[in-house]
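Novice: What follows is a single structure, and I will ask about it in a moment.
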2 protein chains.
Amino acid sequence: MKSIALLFLVLVPSFALAQDPLPSWNEGPAKQSIVDFVKKVTSEGSTDFVPAYDRIAVFDNDGTLWCEAPVPMQLAFVLDELKTRAPQEPKLAENKMVQAALQGNFAKLLAGKHHDGLLEIIALTHSGMTTDQFDQSVRNWIKTYKHPRFDRNLPGMTYQPMQELLRYLRANGFQTFIVSGGGADFMRVFSHRIYGIPPNQVVGSCSLTKFEMIDGKPVLIKTMDHFFVDDKEGKPVGIHEFIGRRPIAAFGNSDGDQAMLEYTTIDNRYPSFGLIVHHTDAEREYAYDSHPPSSGKLVTALEAAKNYGWTVVSMKDDWKTIFAGGNKPAN
Amino acid sequence: MKSIALLFLVLVPSFALAQDPLPSWNEGPAKQSIVDFVKKVTSEGSTDFVPAYDRIAVFDNDGTLWCEAPVPMQLAFVLDELKTRAPQEPKLAENKMVQAALQGNFAKLLAGKHHDGLLEIIALTHSGMTTDQFDQSVRNWIKTYKHPRFDRNLPGMTYQPMQELLRYLRANGFQTFIVSGGGADFMRVFSHRIYGIPPNQVVGSCSLTKFEMIDGKPVLIKTMDHFFVDDKEGKPVGIHEFIGRRPIAAFGNSDGDQAMLEYTTIDNRYPSFGLIVHHTDAEREYAYDSHPPSSGKLVTALEAAKNYGWTVVSMKDDWKTIFAGGNKPAN
């Protein structure tokens with residue numbers, strides 16, 4: 001009986017493969033390019049075959065796996081944290097950058113080469129507490145989050161076609177990683193639950209913690225030391241540091257993903273694949289490239305896509321459904 | 001026919017489990033504590049059960065998975081690199097610390113709070129080249145390496161009982177990670193081949209690389225920026241940064257592993273396990289604790305082992321065999 005059950009488990013994947021693994025993708029060149037690539041690198045005996053060990057796929061998060069408009073999720077978290085904490089913490093309320101943030105004055109936050117204002121409010125909300133405390137504050141926030149326009153919760157703001165793509169790649173022996181400018185500690189709270197990607201496969205912006213024994217218990221205090229921004233040229237750097245191998249597939253949506261796409265697809269010893277999600281659907285989501293809402297500028301990477309043969313996905317034309325959990329609010 | 005083959009693959013693990021998974025371990029409290037822990041956390045329905053997702057096991061490398069005497073392997077690599085390069089590179093040959101290293105004057109290298117001399121020769125041999133070039137230099141070195149006393153190659157210097165332990169834990173759903181003071185880029189060249197641990201499960205000392213396009217090809221140049229030492233209090237910091245979850249089992253051999261063992265075993269929401277490999281076998285390997293050859297001091301962690309119930313393994317008494325590949329030189 002046990003053997004039959006096991007046999008069944010082994011055979012199910014063969015049946016599943018007969019179905020369309022990407023049902024939310026319209027038929028067309030974008031979908032076809034994905035399926036062709038996966039078939040190519042998984043065909044044993046072919047010269048294009050890539051061993052499962054090296055089937056590394058990297059995904060940007062904001063604007064690629066979920067919505068980044070009107071502001072990236074992590075900024076929404078920071079603003080909500082400040083709203084909750086400022087009335088109770090006079091010192092926080094007096095801070096000029098906190099005031100700018102609460103007034104929605106993003107220009108002030110982003111002024112200067114290093115966006116000092118933004119870094120300041122990130123430091124205020126992302127350091128000085130233990131990793132467990134930070135984790136809990138993100139968990140609490142997730143429970144209350146609703147998107148201002150679509151009235152959806154956090155999992156409901158992920159893209160259904162990309163969720164299918166993650167599963168399709170994993171079913172074909174790929175290891176899927178997030179490589180995002182977002183904070184690693186922030187994303188790791190939900191990455192497994194929302195994307196099936198465990199924390200150790202999440203590469204993001206990060207800084208060091210400090211190990212301390214408090215009341216005989218070991219804790220890690222979040223600091224801003226060795227702050228590393230996993231964006232633009234930082235993405236291949238983060239890939240090397242955390243993954244240690246060159247990916248064969250990269251998925252992004254903005255110029256911030258260009259270096260990662262280049263690192264993946266140029267001079268790779270294996271066949272490789274690059275894909276850009278182009279936000280073209282103002283009705284069902286947002287339409288932007290050169291003038292994004294707050295992040296996600298896409299100009300040079302769209303040019304590079306032509307040179308390097310990256311697939312460009314039009315959300316409007318290539319995706320049947322946008323958000324995970326159907327088109328109704330997911331509560 | 002295919003189904004029968006698949007069925008066979010599925011059933012083999014059940015037969016294998018009936019055999020002793022740790023044949024190189026003598027029967028005794030150390031071996032028993034390992035088996036008891038694994039049984040406890042894998043017994044479904046028990047209150048001690050830990051889901052496979054959270055079965056994270058972390059291993060120190062030098063002195064825990066392989067021999068660290070008379071000098072750690074990476075230092076042997078550095079010395080061999082300098083020996084090869086100094087005759088051809090006058091600037092290198094003139095460097096005072098390179099001269100100290102080539103004369104075996106380790107006291108000079110280790111002088112000062114931050115061991116400036118050691119850092120200098122590490123910088124000279126571990127930065128300024130592309131990651132691919134560094135990778136190749138380690139590969140070349142491995143081919144020529146022989147241990148000065150045991151005349152064994154690199155895989156032959158790993159400990160057979162620890163190899164069995166790695167496989168035993170993985171067969172029981174654990175994810176095994178290396179968390180070592182050694183350089184991540186150094187260890188990742190051989191971690192999968194030697195230990196079955198892929199590069200993205202290797203946490204080590206590291207610094208940032210720099211992304212550049214050279215002749216239209218993307219490369220990463222190794223630098224010493226953001227140098228992070230994954231040792232002592234740095235080990236829990238590295239675990240959080242790279243793994244993002246608290247381990248339930250930790251294996252080390254020196255005071256440098258104490259913080260990692262504490263972080264793993266104190267105030268953990270799951271049952272946890274700590275183990276220290278004590279070098280007690282001067283004949284078959286080396287005997288040291290308070291006065292190690294060059295690294296691996298074990299004093300405070302041995303005291304802490306009593307307080308926190310960590311298993312202490314005596315290599316002389318608990319291990320039937322020391323090195324992998326039997327007791328003959330592995331070439």
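Novice: For segment A:210-225: of the residues being out of contact with any Pro (no Cβ under 8 Å at 6 or more places or on another chain) and buried (at least 19 other Cβ atoms within 10 Å of the Cβ), which is nearest to residue A:179 (Cα to Cα)?
Specialist: The residue in question is A:222.
Novice: Here's another thing I want to ask about it. If you scan segment B:203-218, which residues turn out to be within 18 Å of the chain's Cα centre (by Cα) and within 7 Å of chain A (Cβ to nearest Cβ)?
Specialist: B:206
Novice: For residues that are surrounded by fewer than 16 Cβ atoms within 10 Å (Cβ to Cβ) and either among the hydrophobic types (A, V, I, L, M, F, W, C) or outside any loop (DSSP other than H, G, I, E, B) (or both), tally how many sit in segment A:291-307.
Specialist: Within segment A:291-307, residues that are surrounded by fewer than 16 Cβ atoms within 10 Å (Cβ to Cβ) and either among the hydrophobic types (A, V, I, L, M, F, W, C) or outside any loop (DSSP other than H, G, I, E, B) (or both) number 5.
Novice: Moving on. Being under 21 Å from residue B:205 (Cβ atoms) and out of contact with any Leu (no Cβ under 8 Å at 6 or more places or on another chain) is the requirement here; does residue A:238 meet it?
Specialist: Yes.
Novice: Hey, another quick one. If residue B:319 meets every condition in (1) out of contact with any strand residue (DSSP E or B) (no Cβ under 9 Å at 6 or more places or on another chain); (2) away from chain A (no Cβ under 14 Å); (3) of a type in the set (A, V, I, L, M, F, W, C) apart from one, which number is that one?
Specialist: Of the numbered conditions (1) out of contact with any strand residue (DSSP E or B) (no Cβ under 9 Å at 6 or more places or on another chain); (2) away from chain A (no Cβ under 14 Å); (3) of a type in the set (A, V, I, L, M, F, W, C), the odd one out for residue B:319 is (1).
Novice: Going by the conditions given, is residue B:263 facing another protein chain (nearest Cβ under 10 Å), crowded, with 21+ Cβ neighbours inside 10 Å, hydroxyl-bearing (Ser, Thr, Tyr) and touching a helix residue (DSSP H, G or I) at 6+ places or on another chain (Cβ under 7 Å)?
Specialist: Here the answer is yes, as residue B:263 does meet what is asked.
Novice: Could I ask something else about it? Scanning segment A:226-248 for residues that are more than 8 Å from every other protein chain (Cβ to nearest Cβ) and surrounded by fewer than 21 Cβ atoms within 10 Å (Cβ to Cβ), which turns out modelled with the highest pLDDT?
Specialist: A:232
Novice: Exactly one of (1) without any contact (Cβ under 8 Å) to a residue 12 or more places away in the chain; (2) among the hydroxyl-bearing types (Ser, Thr, Tyr); (3) not in a loop (DSSP other than H, G, I, E, B) is unmet by residue A:47. Its number?
Specialist: (3)
Novice: Regarding residue B:236, is this residue over 22 Å from residue A:183 (Cβ atoms), under 17 Å from the mean Cα position of the chain (by Cα) and assigned by TED's automatic domain parsing to the domain that holds residue B:313?
Specialist: In short, no.
Novice: Can you work out which of the residues in segment B:148-160 that are more than 14 Å from the chain's Cα centre (by Cα) and crowded, with 20+ Cβ neighbours inside 10 Å is farthest from residue B:319 (Cα to Cα)?
Specialist: B:152
Novice: Still on this model: When the residues of segment B:25-83 are filtered to those that are farther than 30 Å from residue B:121 by Cβ and within 16 Å of the chain's Cα centre (by Cα), which remaining residue is surrounded by the most Cβ atoms within 10 Å (Cβ to Cβ)?
Specialist: The residue in question is B:56.
Novice: Moving to a separate point now. Residue pairs, Cβ under 6 Å, 6 or more apart or interchain, first in segment B:171-195 and within 9 Å of chain A (Cβ to nearest Cβ), second in a strand (DSSP E or B) and small (Gly, Ala, Ser). List them.
Specialist: Filtered contacts from segment B:171-195: B:184/B:204.
The values are calculated or read from the model by the stated rules, or taken from the named source; none is laboratory data. Just so it is clear, the model here is predicted, and its values are computed rather than measured. With ideal geometry, Cβ positions are generated from the backbone for all residues, glycine too; neighbour counts draw on all protein chains shown.
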